[in-house]
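Below you'll find the structure, written out as structure tokens, and then a few comments.
The values are calculated or read from the model by the stated rules, or taken from the named source; none is laboratory data. All values derive from a computational prediction rather than experimental measurement. Glycine gets a Cβ as well: all are built from the backbone with ideal geometry, and neighbour counts include every protein chain shown.
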Amino acid sequence: MPIFEYKCTECDNVFEELVLSSDQDIECGKCGSKQTTKVLSKCRTRVGGDDSLGDVPSAGGGGCASCGGGSCASC
């Protein structure tokens with residue numbers, strides 16, 4: 001059961017909805033309108049370099065902060 005992100009065309013509210021069926025009418029929780037559209041959800045990615053999430057290892061290897069072994073799968 002996927003969670004999708006929707007935007008209400010009446011009030012511009014952006015919200016997430018658990019979708020049980022592909023023919024389900026999605027209603028805005030703010031104004032009650034069924035005039036909603038599915039939006040492309042944002043995601044966070046990173047290729048190498050440093051990031052503000054210090055507990056996430058970089059793509060360049062080096063492992064996590066607790067082991068430094070090069071692969072968090074070995075932790």
Listed by first then second residue, the pairs whose first member lies in the range 1-24 and is farther than 13 Å from K38 by Cα, whose partner is at pLDDT below 85 and part of a loop (DSSP other than H, G, I, E, B), with beta carbons under 7 Å and at least 6 positions apart or on separate chains, are L20/M1
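When only residues in the range 1-38 that are among the β-branched types (V, I, T) and loosely packed, with under 12 Cβ neighbours inside 10 Å count, which is nearest to the chain's Cα centre (by Cα)?
If we filter the range 1-38 for residues that are among the β-branched types (V, I, T), which is where we start, we get 3, 9, 14, 19, 26, 36-37.
The next check asks that each one be loosely packed, with under 12 Cβ neighbours inside 10 Å; those that pass are 3, 37.
Values: I3: 9, T37: 17 Å.
Selected residue: I3.
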